[in-house]
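**Q** Pasting in a structure now, in structure tokens, and then I'll have a few things to ask.
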Amino acid sequence: MSVSSARRVLRNEAKAISRLVERVNDDFRKIINMLARNRGRIIVTGMGKPGFIAQKVSATLSSTGTPSLYLHPAEALHGDLGRVTKEDVIIAFSNSGETEEIIRLLPAIKKIGAKLIAITGNKKSTLAVNSNFTIDSSVSKEACPMGLAPTTSTTAMLALGDAVAVALLEKKNFKAKDFALFHPGGALGKRLLLSVGDIMRVKSKTPVVKKTTKVKDVLIEITKMRSGAASVVDGRGKLLGIFTDGDLRRHLDGGGDIMSCRVGNVMTSGPYTITPDKLAAEAFGILRDRKIDEIPVVDKKGKLVGLLDVQDLLNAGLV
């Protein structure tokens, strides 16, 4: 019984959302254009369950480049309406369109001069009639078998709120780097904002050798620096190659006294490199796709400035 009930709820809500598509019309376009031109904030309000939807939509707007705040309608009646200015746009969620706390705000909103968008299931309601724009969120029935608990109606509101936020995001040409700016503390922000230069091991803290250095001495340097590779440079500091444990294993399998060899004869010449200004995420993509653990970091002239190890990406929380 529980499984069939859950499936019924999901089918009901999916069907309701699909019916919203045809309501995204020319009026919806006008709403997005108006919001994109708006110089103030988007104030989102709602009471009860629609209030929770309003809070989520406000958070989505704020994180995608549109300053927004949630205004509790009951608190607004007792002073918080002072947060609203004539430059703001209010989006009010109410399935009935007759929510008492919201209706009581209408005269003050009109006097302040803020524009009002209603997302409601009743286009003839007091809220709808007194709004500048209305988005129809009506559903044929709630998923609740008694038709009492807001379920399908709040899902429809959430979907429409997301539609507004994403359409506005695209209208403003909001990019991934902009998104990261508002999420600097999380893994996403790190992935999008950290540069190679932020997390690489600088040249002085990595093994750097000449091509004439014996492999035995290179391994000593690698061990001392606790690195997985050594960078090979010429007299001017220009990168010539890299020597990794993979190079060591390949030449050990071939026999001979590799320890006495010059590293220039057994290194990987012309390795993949990256510049310090590149995103760390790009470096991770190279390491992953090429199945390597280290990548030398060079300046625009090809001179070595550091080394980036996969462990550095792990420590930065990028992997």
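The values are calculated or read from the model by the stated rules, or taken from the named source; none is laboratory data. As the structure is a prediction and not an experimental result, all values here were calculated from the model. Backbone-built Cβ (ideal geometry, glycine too); neighbour counts: all protein chains shown.
**Q** In the list ARG104, ARG37, which residue meets the criterion of being surrounded by fewer than 22 Cβ atoms within 10 Å (Cβ to Cβ) and within 24 Å of ASN173 (Cα to Cα)?
**A** ARG37
**Q** Hey, can you tell me all the residues within region 55-90 that are in a helix (DSSP H, G or I), surrounded by fewer than 22 Cβ atoms within 10 Å (Cβ to Cβ) and in contact (Cβ under 8 Å) with a residue 24 or more places away in the chain?
**A** LYS56, THR60, SER62, SER63, ALA74, LEU81, ARG83
**Q** Follow-up question, since we're still on this one. From the list PHE52, PHE93, which one is assigned to a helix (DSSP H, G or I) and of a type in the set (Phe, Trp, Tyr)?
**A** Among PHE52, PHE93, only PHE52 is assigned to a helix (DSSP H, G or I) and of a type in the set (Phe, Trp, Tyr).
**Q** Which of the residues belonging to region 126-142 are more than 32 Å from the chain's Cα centre (by Cα) and buried (at least 21 other Cβ atoms within 10 Å of the Cβ)?
**A** LEU127, ALA128, SER131, GLU142, listed by residue number.
**Q** Next question, about the same structure. Just a yes or no: is a residue in region 98-116 more than 24 Å from GLY40 (Cβ to Cβ), in a loop (DSSP other than H, G, I, E, B) and assigned by TED's automatic domain parsing to the domain that holds ALA6?
**A** Yes: one or more hits.
**Q** Would you point out the residue of region 219-277, among those that are of a type in the set (D, E, K, R) and assigned to a helix (DSSP H, G or I), that is surrounded by the fewest Cβ atoms within 10 Å (Cβ to Cβ)?
**A** The residue in question is ASP253.
**Q** Hey, another quick one. Kindly establish whether ILE32 is out of contact with any Pro (no Cβ under 9 Å at 6 or more places or on another chain), of a type outside the set (S, T, N, Q), surrounded by 15 or more Cβ atoms within 10 Å (Cβ to Cβ) and not in a strand (DSSP E or B).
**A** Yes, satisfied.
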